[in-house]
Amino acid sequence: MQLTPDATVLLELGAFRLNATIVNTWIVMALLVGVSWLVTRNLRPDAPPGRWRNALETLVLLIEGQIRAITHSAVRRVMYLAGTLFLFIATANLLGVIPGFAAPTGSLSTTVALTLAVLLAVPGFAMAERGWTGYLRHLAQPTWVLLPFNILGELSKGVSLSIRLYGNVMSGAVIAAILLGIAPFFFPVVMNLFGLLVGLIQAYIFAILAAVYISSALSDEPPRIDPEDPA
């Protein structure tokens with residue numbers, strides 16, 4: 001049993017190894033780009049919205065509402081990043097129920113790459129909002145003596161993000177494989193349905209935590225997580 005798609009090598013040319021993680025990541029990205037293009041190719045103000053456009057607009061509004069419940073700073077910019085993370089992780093996890101498709105989020109290299117994107121986005125958003133000196137002052141709160149510890153705290157957030165996503169995806173795959181050997185007909189169906197739910201939850205948690213980390217870097221006040229906030 002292969003626990004990670006990194007172990008499936010599809011092409012090897014010298015030092016270059018094309019594994020299932022890379023190929024499946026390309027598939028997820030191509031699917032997202034293709035669906036987005038199909039939905040928006042005839043997007044005009046005078047054209048009545050279709051079912052797919054309504055569904056896409058509803059999804060965007062839901063994501064924006066969740067981001068606005070956390071922060072009022074740079075809502076649209078944070079939504080672009082957090083929404084992209086959610087759609088990529090959710091799509092990858094949902095496609096993982098297809099036989100023969102190994103979710104790229106089951107690879108530690110993918111989760112680390114996503115985490116690095118968040119770790120780079122946090123200071124990037126903060127510096128764009130308050131300048132690099134303002135961001136350093138934010139990290140030095142409440143005193144400059146704690147600056148190294150606050151930097152380590154920022155890095156630890158990234159480690160927890162990657163390990164959490166990788167661990168949950170991999171544990172689901174291992175449990176499904178064990179149950180498949182015990183009862184090859186009933187349990188796989190139940191585990192696939194459970195995997196769909198867990199995949200969506202993990203995508204939501206990762207995106208929300210990314211938005212929370214960025215929000216905390218943009219404001220000296222703690223981020224608000226209140227779905228009932230009318231703002």
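The values are calculated or read from the model by the stated rules, or taken from the named source; none is laboratory data. All values derive from a computational prediction rather than experimental measurement. A quick note on method: Cβ atoms are made from the backbone with ideal geometry, for glycine too, and the neighbour counts reach across all protein chains shown.
Can you give me the number of residues within segment 115-132 that are surrounded by fewer than 12 Cβ atoms within 10 Å (Cβ to Cβ) and over 12 Å from Leu218 (Cα atoms)? Number satisfying all stated conditions: 1.
Being of a type in the set (S, T, N, Q), loosely packed, with under 15 Cβ neighbours inside 10 Å and within 14 Å of Ile205 (Cα to Cα) is a condition met by no residue of segment 133-154.
Looking across segment 70-80, the residues that are surrounded by fewer than 20 Cβ atoms within 10 Å (Cβ to Cβ), in contact (Cβ under 8 Å) with a residue 40 or more places away in the chain and not hydroxyl-bearing (Ser, Thr, Tyr) come down to His72, Ala74, Arg77. Just one of the numbered conditions (1) assigned to a helix (DSSP H, G or I); (2) of a type outside the set (A, V, I, L, M); (3) farther than 21 Å from Thr84 by Cα is not true of Ser160: (3). Among the residues of segment 6-49, the ones that are part of a helix (DSSP H, G or I), under 22 Å from Gly83 (Cα atoms) and not hydroxyl-bearing (Ser, Thr, Tyr) come to 15 in all. Only one of Tyr80, Tyr135 is within 18 Å of the chain's Cα centre (by Cα) and of a type in the set (Phe, Trp, Tyr). Can you tell me which? Checking each option against the conditions leaves just Tyr80. Scanning for something under 30 Å from Gly124 (Cα atoms), touching a residue at least 60 places away in the same chain (Cβ under 8 Å) and surrounded by 15 or more Cβ atoms within 10 Å (Cβ to Cβ), does segment 6-21 turn up at least one residue? Looking for residues that are under 30 Å from Gly124 (Cα atoms), touching a residue at least 60 places away in the same chain (Cβ under 8 Å) and surrounded by 15 or more Cβ atoms within 10 Å (Cβ to Cβ), one finds at least one in segment 6-21, hence yes. Without any contact (Cβ under 8 Å) to a residue 40 or more places away in the chain, among the acidic types (Asp, Glu) and either touching a helix residue (DSSP H, G or I) at 6+ places or on another chain (Cβ under 8 Å) or part of a helix (DSSP H, G or I) (or both): does that describe Glu129? Taking the combined requirement at face value, the residue does not satisfy it. Consider segment 40-59 and keep the residues that are surrounded by 13 or more Cβ atoms within 10 Å (Cβ to Cβ) and within 22 Å of the chain's Cα centre (by Cα). The one that is farthest from Ser215 (Cα to Cα) is Leu56. Out of the residues in segment 91-127 that are within 11 Å of Gly199 (Cβ to Cβ) and touching a Phe, Trp or Tyr at 6+ places or on another chain (Cβ under 8 Å), which is modelled with the lowest pLDDT? Only one residue fits best here, namely Gly106.
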